Amino acid sequence: MGRYVLLVVVSVIVLFPIWAVLMQALKNGRDSLDHPRSLLPVDLTFETIREAWTQGNLGRLLANSLFVSVAVTIGVVITSLLAAYAFAFLDFPGKGLVFAAFLATMLVPAEVTVVINRRTAESLGWVSSYQGLIVPSLASTFGVFLVRQMFLQLPKELREAASLDGVGHLRYLWEVAAPLSRPTLGALGLFTFLGTWNAYLWPSQVINDDDHKTVQIGLASLRNADINHLNLVTGGLVIAALPIFVILVVFQRQLVRGLTAGAVKG
């Protein structure tokens, strides 16, 4: 009984901010400031969400975020597959040392690289462009590590049998290793998509125009509303979070199964 009470309490704590945000987004400006009535499901309206969509140009922002997120996800999956295969199946001098140095990059905060990456983007003419948003994110240390761990779970006999049949590395990767790693690749794709969709720091540094803004940095324009329309930001947040919510609900089992598939070796 105590366990269920604890679960209920934790659920209320977790869900209350979501409820508060949703109520804020479904109230007009004055009602959203009328506490605690603003937390009750009364006087609801979709006008705030419609105004946020129009005023924030969220249609274009969502399209930009979708394009960038899909491109980065495809790139990360491909580069992670290739690099993980090299670390898992190929033998070359210093492989262990290279892999250790590779993993060490996970200890470097992303904030540390922003300045140098911004200067690199400027030198290449990639500021305010899709290339500037996509290319720096096309490789993931975490993705390589995750896929490598999955590859290490595959029986060595499969690779040996493929070699006897004259199957090369690329064919083995495409026809054997990758299909057997689909849960992990699916989880990596979802994780990368969600991370890219929610990215704020790098897009805010490399994008200066309205045509290439993603939804996360575009929502800042709604913050200029007056005190009676602060809920426009909340309405924009609800719109921006809706695709993520749908993805998590539909693919949550895939995400958990993929992340745990190659967690241990044995």
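Taking other residues whose beta carbon is less than 14 angstrom from the beta carbon of residue 66, and scoring Lys, Arg as +1 and Asp, Glu as -1, yields +2.
Each of 112, 18, 86 was placed along the dipole of the chain (beta-carbon charges, centred on the mean Cα), and the one lying farthest toward the positive end is 86.
Taken over the chain, lysine pairs spaced eight or more positions apart, or on distinct chains, with alpha carbons under 29 Å apart number 4. Just flag the chymotrypsin sites (Phe, Trp or Tyr not before Pro) in the stretch 11-80 sitting in loop per DSSP whose Cβ has no more than 11 other Cβ atoms within 10 Å. Filter output for the stretch 11-80: 46. Using a probe radius of 1.4 angstrom, the carbon and sulfur fraction of the accessible surface of the stretch 33-93 is 69%. Please compute the contact order of the chain in relative form: average sequence separation of alpha-carbon pairs under 8 Å and at least six residues apart, divided by the residue count, as a percent. About 32 percent, as a whole number. Residue ranges 244-255, 24-35 sort as 24-35, 244-255 when ordered by packing (mean number of other C-beta atoms within 10 Å per residue, highest first).
Let me test this: with uniform point scatterers at the alpha carbons of the chain, what is the Debye-based log₁₀ I(q)/I(0) at q = 0.09 1/Å? The calculated log intensity ratios at q = 0.09 Å⁻¹ are -0.57. Across the accessible surface of the stretch 104-197, with the other protein chains kept in place and a 1.4 Å probe, carbon and sulfur atoms take up 64 percent. For the chain, the residue among 8, 62, 141 whose Cα projects farthest onto the positive side of the dipole built from Cβ charges is 8.
Hey, if you put +1 on the Cβ of every Lys and Arg and -1 on every Asp and Glu Cβ in the chain, which of 247, 178, 38 ends up farthest toward the positive end of that dipole? Toward the positive end, the furthest listed residue is 178. Normalising the average separation of contacting C-alpha pairs (under 8 angstrom, six or more residues apart) by the number of residues puts the relative contact order of the stretch 1-133 at 13 percent. For the pair residue 245 and residue 170, label points projected 7 Å from Cα toward Cβ lie 4.5 nm apart. Over the residues of the chain, the helix contribution to mean residue ellipticity at 222 nm works out to -20500 deg cm²/dmol, using -39500 (n - 2.57) for each DSSP H run of at least 4. Helix 141-151 versus the longest principal axis of the chain: what angle, 0 to 90°, nearest 10, using Cα atoms? On a 0 to 90 degree scale, this one is about 50.
The residues of the chain present an accessible area of 59 Å² per residue when probed at 1.4 Å with all protein chains retained.
So if I place +1 on the C-beta of Lys and Arg and -1 on the C-beta of Asp and Glu, and nothing else carries charge, what would the dipole magnitude of the chain be about its Cα centre? I want it in debye, nearest 20.
600
To the nearest 0.05, how large is the calculated FRET efficiency for residue 14 and residue 152 if R₀ is 41 Å and r is the Cβ-Cβ distance?
Taking R0 as 41 Å, the efficiency between residue 14 and residue 152 is 0.70.
The values are calculated or read from the model by the stated rules, or taken from the named source; none is laboratory data. Everything numeric here is computed off the predicted structure, so don't read it as measured data. Every residue, glycine among them, receives a Cβ derived from its backbone with ideal geometry; neighbour counts consider all protein chains shown. For accessibility, only protein heavy atoms count, side chains too; no ligands or nucleic acids. Shrake-Rupley method; radii C 1.70, N 1.55, O 1.52, S 1.80 Å.
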